């Protein structure tokens, strides 16, 4: 019998859960499920949507075994039209698959920095070929999880840098860079606890006293979160086009947020807006 355990803990499953729900809504698949690799040798199915039972939850899948294990070993999507009779996969997990009544199944790996971090499955209870639309949607869902995990890792890295002691003007530029990166990453983090931590660190960085002489913080206008995101990127020297790419916005939307921020701060130029935001304790 395959090894089983409780549901995989931790906040990283939030991205996986959201991607599986989107996959089912976009395709009409009967079921979608998946899990994170808790070590390079094993993945546990932890998230289920559309299943009739809990039989798949906690199932431990090893590389090379079953459809998901084949996807892990090859680091690419794999699919079968009829799971019980598929010849190019091993059948260690047939009992669990049969208990759930699954027939046509696709498995897509989530690959971050050349390492498989999770697997997403989509399935039908009838043995019919999965079309390109379903396969494309499954790959897109996996890419969403990949981007979320990359953003999480980047957020942790920047958080660690932001907690380093600040000494001297050069180090202060590192703080400003970290602030801008955190502001850009926060909207991409699905985990509310981590997102709140990022924004709290942003607040501390923005109001930290500048080493050496500098103007005291003078409370002023309050900016909307997206206005502050845009202004933080501008303060780091990014163009409107670069800000749009970083925040996933249209250039016209960036211009709108920037104009609104300038109006609230009483500024006539981008530079004046950045200076005013720093004096107001909105930017470091």
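Treat the count of other C-beta atoms within 10 Å as a stand-in for reagent exposure and order 27, 239 from fewest to most.
Ascending number of Cβ neighbours within 10 Å: 239, 27.
Can you put 62, 90, 53 in order of Cβ neighbours within 10 angstrom, beginning with the fewest?
53, 90, 62
I need to check one value: relative contact order of the range 13-141, counting alpha carbon pairs closer than 8 Å and at least 6 residues apart, in percent.
Here the relative contact order equals 26 percent.
Can you compute the label reach from residue 88? Point 7 Å from Cα along the Cβ direction, backbone N cut-off under 14 Å, restricted to the range 107-142.
The answer is 107, 130.
Can you give the FRET efficiency for residue 115 and residue 95, using 1/(1 + (r/R0)^6), R0 = 35 Å, r = Cβ-Cβ distance, to the nearest 0.05?
Values: r = 30 Å, r/R0 = 0.85.
Rounded to the nearest 0.05, the efficiency is 0.75.
Suppose the chain between residue 259 and residue 128 were pulled fully straight at 0.36 nm per residue; how much longer would it get relative to their current alpha carbon spacing?
41.8 nm
Once each part is reduced to its C-alpha centroid, what is the distance from the range 63-98 to the range 258-282 in angstrom?
First find each Cα centre; the distance between them is then 56 Å.
Where the convex hull is taken over the Cα atoms of the range 13-141, what is its projected area averaged over directions, in nm²?
Mean projected area for the range 13-141: 6.7 nm², to one decimal.
Using r as the Cβ-Cβ distance of residue 242 and residue 26, and R0 as 35 Å, what FRET efficiency do you calculate, to the nearest 0.05?
Efficiency, from the Cβ-Cβ distance: 0.70.
Quick check on the exposure proxy: order 146, 181 from fewest to most C-beta atoms within 10 angstrom. Before the final figure, lay out each step's value.
Details: 146 19, 181 23.
Ascending number of Cβ neighbours within 10 Å: 146, 181.
Per 0.36 nm of contour for each residue apart, how much would the distance between residue 139 and residue 81 grow if the chain were fully extended, relative to their Cα-Cα spacing?
19.2 nm
Every read-out reported here was derived from the displayed coordinates using simple, explicitly stated rules and does not represent laboratory data. Computed from a prediction, not measured in an experiment: that's the story for all the values here. Using ideal geometry, Cβ is built from the backbone for each residue, glycine included, and neighbour counts are taken over all protein chains shown.
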